[in-house]
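The structure appears below as structure tokens.
The values are calculated or read from the model by the stated rules, or taken from the named source; none is laboratory data. Please read all numbers here as calculations on a predicted model, not as lab measurements. Don't worry about glycine lacking a Cβ; one is built from the backbone with ideal geometry, like all the others, and counts go over all protein chains shown.
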Amino acid sequence: MTEHAASGSYKEVILFLVTAGIVVPLFHRLRVSPVLGFIGAGALLGPSGLGRLTETVPWLGVVTISNRTEIAHLAELGVVFLMFMIGVELSWERLRILRRLVFGLGSLQVAVSGLLVAAVLMALEVPPTAAILVGLALALSSTAIVLPVLAEQKRLNTPAGRASFAVLLFQDLAVAPVLFAIAVLGRKDGDAVTGLAIALGQAAVALALLVGVGRLGLRPLFQLVARTRSPELFMAACLLVIAATALVAAASGLSMTLGAFVAGLLLAETEYRRAIEATIDPFKGLLLGVFFVSVGMGIDPAVLMKTPLTILGLAVGLLVLKGGVILGVGRALRLPRAVALESALLLGPGGEFAFVLVGSALAAGLVPDDLGQAALVVTTATMVMIPGLAALARRLGRRIDRTALGRARAEPPPAERQPGRVIVAGYGRVGQLVAEMLARHKVPYIALDMDAARVADQRRLGNPVYFGDSANADLLRRCGIDTARALVVTLDQPRAVEAVVAAARTERPDLTIVARARDARHATALYEMGVDDAVPETIEASLQLSEAVLVDVGVPMGLVIASIHERRDEFRAILRRKEAPPAAAFQARRTVGKTS
């Protein structure tokens, strides 16, 4: 009898594992976020789905989750782990680089969207507190779906990807103070002023304790654990830190998620950051799955089936409102139209933290049940639309980029000549760094690039970048190749590099040409074409690695730099030969270098 009761108590966990085993591979094959599958599974198997039929069809009790409290604690841990990982991944350097987008676009989007939604709700006679909380919840977007969709499309490093990430980052930061406000407003003991003062005092003491103990104790703790070289002990230390900080925060009246977030921020400053991310990530994914199943269980499909047109209308209204805000604020902050539009379509839907905020507000009695349920259903409906909206955003962005392409083509390079100018062919990451170094040493330059959006962005920043094909001889003449001091070719396609070199050498046989090469064989081909210097990526990377390791093991910096320069000259002499040398030749030269 005891064994039967024990096995029955694990039914919800077993059902979740079965659901995960089916949902994740299926949705991955369909290229849809598993988050939607977990939410749908929770709604189908929960007490509001098939669970309500167990009285008439008893066997359904085996495949349904009738007791939501059984997985409630695991679901809460899912959000705790998510906030911890956000804290660990948060970098002060990343914040500094994206500060204008994070604290400009992000803060304005949350504030304006939240206030507009709250104004609409208050016009419908919703109490102000409930309206503001629901407005802020609906103003948030889905980090768990948007970022994987962008990663799958390989668009995280595009301007739209960076803008979307910056807004999502600010939204993640905004969750903690909103949860704290809900905890304070939900206090029932004493008058509001006294309760607020006590809550703020407890919060200040708890945060000071967490930060103080964390700064003093976390690094020594992980140093001690790391010396054991035990992966199990390292994992246990990670789980201990998360659980301890979350429980300390909860005991002081704060949310568990805020405590975990603070712990993540503290650990982000240590040398164990990457190892912690790798250790916790599997737990985060699994527990977030539990959270989304729990979210689905809290949604009543009957509400959607009863008024589908109303829910659809509210979902479209939310998309239009938030999308309009992001588009307007983005354009006001001088984001390109294509970037602002893509970001608006990606961030218009609701997000997973809406479930956290609305759930906390419902538990605190700050939001009516019918309003909270409607907000959750609308959020789910909009989250389902994210993959389709992402595809639409990419299509519209390309169309707008084609318009920008026409404008970029319409702006030719300047007719006036500036003797002694360097021409930079290609203005990607490598070209931008080269141009930055030229500007730092006050060497004038002009750059050419085929990416219209990049050219438009750089023109707005005042950089002398123009649209065009660097292999076009007429364009090179218009850029003043006859009086140029040098040509730097930074393109990443070998054939494109060779085409530019050929065109430039035909126009100006005496021009100094420095070109980026893929490898040693490509560098040899470029030398045969007449470049003055070819920089092979593979060889240069190996030299930089050698320099770093020699300095780190204690070899004097001067000797290291001298030997690296000598080795680079040896490679350059070898590459200037008529054909690329085999690996044995390089090994022979290396042996001679060691014995000399």
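A few remarks follow.
- Count of residues meeting criterion [over 29 Å from the mean Cα position of the chain (by Cα) and hydrophobic (A, V, I, L, M, F, W, C)] in the stretch 212-247: 6
- Among the conditions (1) modelled with pLDDT of 80 or more; (2) outside any helix (DSSP H, G or I); (3) more than 30 Å from residue 349 (Cβ to Cβ), the only one that residue 141 does not satisfy is (3).
- Residues being more than 24 Å from residue 287 (Cα to Cα) and β-branched (Val, Ile, Thr) - total across the stretch 218-249: 2
- Close contacts from the stretch 541-557, counting a first residue that is among the polar types (S, T, N, Q) and a second that is at pLDDT below 80, with Cβ to Cβ under 7 Å and a gap of 6+ residues or different chains, come to 546/564.
- Residue match in the stretch 16-28 (condition: β-branched (Val, Ile, Thr), surrounded by fewer than 16 Cβ atoms within 10 Å (Cβ to Cβ), assigned to a helix (DSSP H, G or I) and modelled with pLDDT under 70): no
- Residue match in the stretch 221-244 (condition: of a type outside the set (Asp, Glu), at pLDDT below 80 and surrounded by 15 or more Cβ atoms within 10 Å (Cβ to Cβ)): no
- One residue alone among 448, 405, 475 is at pLDDT 80 or above and touching a helix residue (DSSP H, G or I) at 6+ places or on another chain (Cβ under 8 Å), and that residue is 448.
- Strands (runs of 3 or more DSSP E) fully within the stretch 428-531 counting 2 or more residues that are more than 29 Å from residue 338 (Cβ to Cβ) and touching a strand residue (DSSP E or B) at 6+ places or on another chain (Cβ under 7 Å): 486-489, 512-517
- Any hit, the stretch 168-185, residues being aromatic (Phe, Trp, Tyr), in the same structural domain as residue 386 (by TED's automatic domain parsing), modelled with pLDDT of 80 or more and assigned to a helix (DSSP H, G or I): yes
- Within the stretch 322-351, residues that are on the phi > 0 side of the Ramachandran plot and outside the structural domain of residue 168 (by TED's automatic domain parsing) have Cβ atoms under 8 Å from residues that are at pLDDT 90 or above and small (Gly, Ala, Ser) in no pair, counting only partners at least 6 apart in sequence or on another chain.
- When the stretch 532-544 is limited to residues that are of a type outside the set (D, E, K, R) and assigned to a strand (DSSP E or B), the one that is farthest from residue 473 (Cα to Cα) turns out to be 536.
One line per residue, one yes/no per condition, for (1) out of contact with any Phe, Trp or Tyr (no Cβ under 9 Å at 6 or more places or on another chain); (2) modelled with pLDDT of 85 or more:
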position: 520; (1), (2): no, no
position: 526; (1), (2): yes, yes
position: 529; (1), (2): yes, yes
position: 542; (1), (2): yes, no
position: 546; (1), (2): yes, no
position: 549; (1), (2): yes, no
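- Residue 508 vs. criteria buried (at least 17 other Cβ atoms within 10 Å of the Cβ) and over 24 Å from residue 451 (Cβ atoms): yes
- Here the stretch 306-320 is the region considered, the condition is being at pLDDT 80 or above and surrounded by fewer than 18 Cβ atoms within 10 Å (Cβ to Cβ), and the residue that is nearest to the chain's Cα centre (by Cα) is 320.
- Remark: pairs (first residue in the stretch 286-303, of a type outside the set (A, V, I, L, M); second residue buried (at least 21 other Cβ atoms within 10 Å of the Cβ) and at pLDDT below 70; Cβ separation under 6 Å; 6+ apart in sequence or on different chains) = 291/75; 294/71; 294/75.
- Some residue of the stretch 65-75 being over 30 Å from residue 261 (Cα atoms) and modelled with pLDDT under 75: yes
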